[in-house]
Amino acid sequence: MDKRTISVFGSTGSVGKSTVKLLQHHSDSVDVEVLTAYNNAKLLAKQAIALKAKYAVIANEEKSDELKTLLKDTSIKALAGRQALLDMAAHSVDWVMMAIVGMAGLEPIFKALPNGRFVAIANKEPLVSAGALLMSRAKQYGTTILPVDSEHNAIFQVFENNNRDAIERIILTASGGPFREWTKEQIEVATPEQAVAHPNWSMGPKISIDCATLMNKGLEVIEAHYLFEMPTEKIDIVIHPQSIIHSMVQYNDGSVLAQMGAPDMSTPIVNALAYPKRMETCGQKLDIQQLANLTFSPPDFEKFPALKMAYNALNVGGNAPLVLNASNEVAVAAFLNGEISFKGIIEAVSSALEKDYKNTISTLEDILLLDQTVRSDTCAHILKTSNNFKQTG
Ligand code: NDP
């Protein structure tokens, strides 16, 4: 691979750390320009020194002095605050990884589109909320979007764009999360500790909760719709608890092309990093001879209503995916804070989806504004229900 200049947004998170590890492994092929974090100045400084980055950006301004002190004996420029984060997203590099969690990553992605020749996106929430605008801007700038979510990276690898008419459906696999075998009643009162304990993947707290509600899979259906321009009725979900097949594309000649790999984010990350070539992973590899009992079953839409909500939001279109995402982000944070029950996440999202929000969101400003409105409304809803939760919980 030719040497690439690289930036990693959200380098201290779960995806970010895996990316940094791969960049260290391939240090001869990369020049690291920018690394960013929100709070974790210590790890950010350590990563920036190890990768000889040019800039380290801490989005939380209060951490500015800490970062500056940590980097004072180096030539790495320490920057702080939201504006510095946005400025550095516009910094010109060959390849950028977007691994910030939630809608906080939306503006950085839009800033990177004109400059990043390859924009690798792990951060699914902006794709869900602003997918149509994001993909059309990328097209306009000739920017290649590289999906990093393991399912979408799998589809990306087996999706024959020149045979798209022959594609009957794409099939997203789902592990089923930690509550796959729990009853509906047990799930409704699950604790944050139980919900973050994913059986196969080690991830940040927000996506771990989304995996427990299966909202993550719902968000992925919407993400797939925008990334691959596939209609809702051609996007299916299958429960595959072993997380070995990461997704599939079914063609009209009867072929089903699947991508397999160990449940390790290093594979989709390095696939995106090397694209359009391939390079060695320092992560886990699959031992095919050790595989036994790969199982598949349909998802349970009754036990996991988030799936139905996501499909409905996609069918309704317009701002519905944004409303789904914004209310879910707020509700997940409230659940992690002990303010609402597990069941309360679904109730908060359902209540937001029933509201009558402005349906046209054609600019980035519209999107940001509506996102804020939905967040405030969801906070108000949660405030009401959290009082009941505390009284009864
Ligand atoms: P983490 O919570 O582990 O990491 C989030 C990263 O974003 C951290 O670097 C964090 O900084 C930074 N960050 C948080 N808030 C802000 C903010 N307001 N402004 C700027 N930076 C911020 O998340 P994950 O790595 O698990 O997930 C990242 C994204 O990738 C999510 O959208 C997720 O859905 C997606 N994804 C994750 C997968 C996984 O395996 N984890 C798999 C597929 C997709 P700090 O550490 O300093 O707080």
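When VAL32, VAL93 are screened for being part of a loop (DSSP other than H, G, I, E, B), away from the ligand (no atom under 13 Å from the Cβ) and among the aliphatic types (A, V, I, L, M), only VAL93 passes.
Of the residues LYS63, LYS68, which single one is touching a strand residue (DSSP E or B) at 6+ places or on another chain (Cβ under 8 Å) and more than 13 Å from the ligand (Cβ to nearest atom)?
Sole residue among the options that is touching a strand residue (DSSP E or B) at 6+ places or on another chain (Cβ under 8 Å) and more than 13 Å from the ligand (Cβ to nearest atom): LYS68.
Quick check on the range 158-167. Is at least one of its residues within 10 Å of the ligand (Cβ to nearest atom) and of a type in the set (A, V, I, L, M)? Looking for residues that are within 10 Å of the ligand (Cβ to nearest atom) and of a type in the set (A, V, I, L, M), one finds none in the range 158-167, hence no. Residues in the range 105-120 include none that are within 11 Å of the ligand (Cβ to nearest atom), surrounded by 20 or more Cβ atoms within 10 Å (Cβ to Cβ), closer than 15 Å to ASN216 by Cβ and under 15 Å from the mean Cα position of the chain (by Cα). Regarding GLU125, is this residue within 16 Å of the ligand (Cβ to nearest atom) and in contact with a Gly (Cβ under 6 Å, 6 or more places away or on another chain)? Criteria met by GLU125.
Note on the range 204-271: enclosed strands (runs of 3 or more DSSP E) holding 2 or more residues that are over 30 Å from GLY344 (Cβ atoms) and in contact with a strand residue (DSSP E or B) (Cβ under 8 Å, 6 or more places away or on another chain) are 245-251, 256-260. Those helices (runs of 4 or more DSSP H) of the range 289-393 in which 3 or more residues are among the basic types (Lys, Arg) occupy 364-392. Being more than 12 Å from the ligand (Cβ to nearest atom), on the phi < 0 side of the Ramachandran plot and either crowded, with 17+ Cβ neighbours inside 10 Å or of a type in the set (Gly, Ala, Ser) (or both) holds for only one residue in ILE49, ILE58, ILE76, and it is ILE76. Residues considered: ILE345, ILE361. Of these, the only one that is buried (at least 18 other Cβ atoms within 10 Å of the Cβ), in contact with a helix residue (DSSP H, G or I) (Cβ under 6 Å, 6 or more places away or on another chain) and over 26 Å from SER208 (Cβ atoms) is ILE361. Applying the criterion of being among the small types (Gly, Ala, Ser) and out of contact with any helix residue (DSSP H, G or I) (no Cβ under 7 Å at 6 or more places or on another chain) to the residues of the range 100-145, the residue that is nearest to GLY16 (Cα to Cα) is ALA104. Just one of the listed residues (ASN153, ASN163, ASN200) is over 18 Å from the mean Cα position of the chain (by Cα) and either surrounded by 13 or more Cβ atoms within 10 Å (Cβ to Cβ) or under 30 Å from VAL256 (Cα atoms) (or both), and it is ASN163.
No lab work stands behind these numbers, since they all come straight from the coordinates. Predicted model, so just to flag it, every value in this text is computed and none were measured. Here Cβ is always computed from backbone atoms with ideal geometry, including for glycine, and neighbour counts include all displayed protein chains.
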